[in-house]
Amino acid sequence: ESDVYNLLKEKRDEGVWGISEVYTREEFQKMHLDGGFSFVVETDGSTSFEQDWQGPFAKPTQLPITGRVGGNHGFHPDKGPRPPFIACGPAFLKGAIIPNAELVDGAPTYAKVMGVELPDADGNAITQLLK
């Protein structure tokens, strides 16, 4: 694992492979990410990464008609666009705006509205939106 981590950091430092950051498991778990992987590689914003480990390290890609390459899982919250949380209904305050929240707060907020407990959830209910 350390050989792979060192190789990824080396490619990041070369500055030509589209890698802006390499996160370890401990680092990405603090960002509420988890899964069957050892590292998270952050793009420079103009590069797309794939799961093809058998091909060349870098290869040209054909953009689909939409002009976007699929398979991306978003960006680090400090770098890319953040999805909006829009809610309405009897449980929510009309016109309430929260400038920043975490994506992991969505499920606990929905659960609170439905009267359900999520004791193992990573986030917290956004009570500032609720009546």
Filter pass, residue 86 being on the phi < 0 side of the Ramachandran plot, modelled with pLDDT of 65 or more and open to solvent by 50 Å² or more (accessible area, probe 1.4 Å): yes
Boolean, residue 47 is more than 30 Å from residue 129 (Cα to Cα) and either at pLDDT 70 or above or of a type in the set (S, T, N, Q) (or both): yes
Residues that are open to solvent by 70 Å² or more (accessible area, probe 1.4 Å) and either in a helix (DSSP H, G or I) or under 25 Å from residue 33 (Cβ atoms) (or both), drawn from the stretch 92-108: 99, 100, 102, 103
Pairs, first surrounded by 15 or more Cβ atoms within 10 Å (Cβ to Cβ) in the stretch 109-131, second polar (S, T, N, Q) and not in a helix (DSSP H, G or I), C-beta under 9 Å, six or more apart: 109/124
Failed condition for residue 34, given (1) surrounded by 10 or more Cβ atoms within 10 Å (Cβ to Cβ); (2) modelled with pLDDT of 85 or more: (2)
Hits in the stretch 89-127 - residues which are polar (S, T, N, Q), out of contact with any Pro (no Cβ under 6 Å at 6 or more places or on another chain) and at pLDDT 90 or above: 109, 127
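The values are calculated or read from the model by the stated rules, or taken from the named source; none is laboratory data. What you see is a predicted model; the values in this text were computed from it and never measured. Ideal geometry is used to build each Cβ from the backbone, glycine not excepted, and the neighbour counts take in all protein chains shown. For accessibility, only protein heavy atoms count, side chains too; no ligands or nucleic acids. Shrake-Rupley method; radii C 1.70, N 1.55, O 1.52, S 1.80 Å.
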